[in-house]
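**Q** Have a look at this one.
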Amino acid sequence: MTTAPNKDLTNKAAMIQHIYYAKRAHQDWVKKADRLVNGLNGYQGKQVDLNVDKSFIPLDSSSCSFGKWFHDFAIHLSRFDSIGRFINRIEEHHNALHETYEKIYFIFFVKPEQKSFLKKILTFNTKKVSELDREKAKIHLEYLKRSSRELLEVLQILEDKIRALDYTELRKFQEK
């Protein structure tokens with residue numbers, strides 16, 4: 001994420017800006033998954049972008065930029081009565097996305113702890129991928145993209161809910 005917005009949870013504009021940055025971080029993550037599956041030159045190029053391996057290690061949902069945003073900021077929004085259930089939905093979607101991505105990742109890469117010491121030093125943790133495995137990765141990617149669209153829809157609802165917060169709700173939050 002670029003410059004983080006103000007963390008003032010009583011300021012609607014700052015909260016909406018947080019959501020904007022979270023959406024962008026998530027969309028960038030999905031693009032990396034797409035590049036991993038389809039390669040730099042699209043599927044026909046069959047070349048995996050090895051830079052994806054370095055920058056796309058976060059398999060754990062709390063380690064990616066979106067996950068950090070969620071745990072540093074969004075989780076606090078659940079204190080608003082009208083927003084709490086949407087925060088739970090965001091977390092569920094985000095965890096499911098990482099579970100799907102993990103399936104894609106391990107089609108292309110060896111689990112780091114399963115590499116020999118010499119292999120860790122001399123090579124990336126890539127492995128040879130069959131056409132059948134590439135097709136499986138494409139299916140997982142389509143599911144990931146569909147889940148991503150659902151997550152973005154929930155984030156839009158969250159943004160709309162924040163816009164609809166009235167002054168009284170913001171003040172109650174400030175007092176908690």
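Read-outs throughout are calculated quantities, based only on the coordinates presented, and are distinct from any laboratory measurement. Treat the numbers as computed from the prediction; the structure is a model and nothing was measured. With ideal geometry, Cβ positions are generated from the backbone for all residues, glycine too; neighbour counts draw on all protein chains shown.
**Q** Work out the FRET efficiency for residue 150 and residue 170 from their Cβ-Cβ distance, taking R0 = 30 Å, and round it to the nearest 0.05. Mind dumping the intermediate values first?
**A** Numbers: r = 28 Å, r/R0 = 0.94.
With R0 = 30 Å, the Cβ-Cβ based efficiency is 0.60.
**Q** Looking at this model, which pairs from 32/145; 12/32; 68/138; 32/161 are more than 20 angstrom apart at the alpha-carbon?
**A** 12/32; 68/138; 32/161
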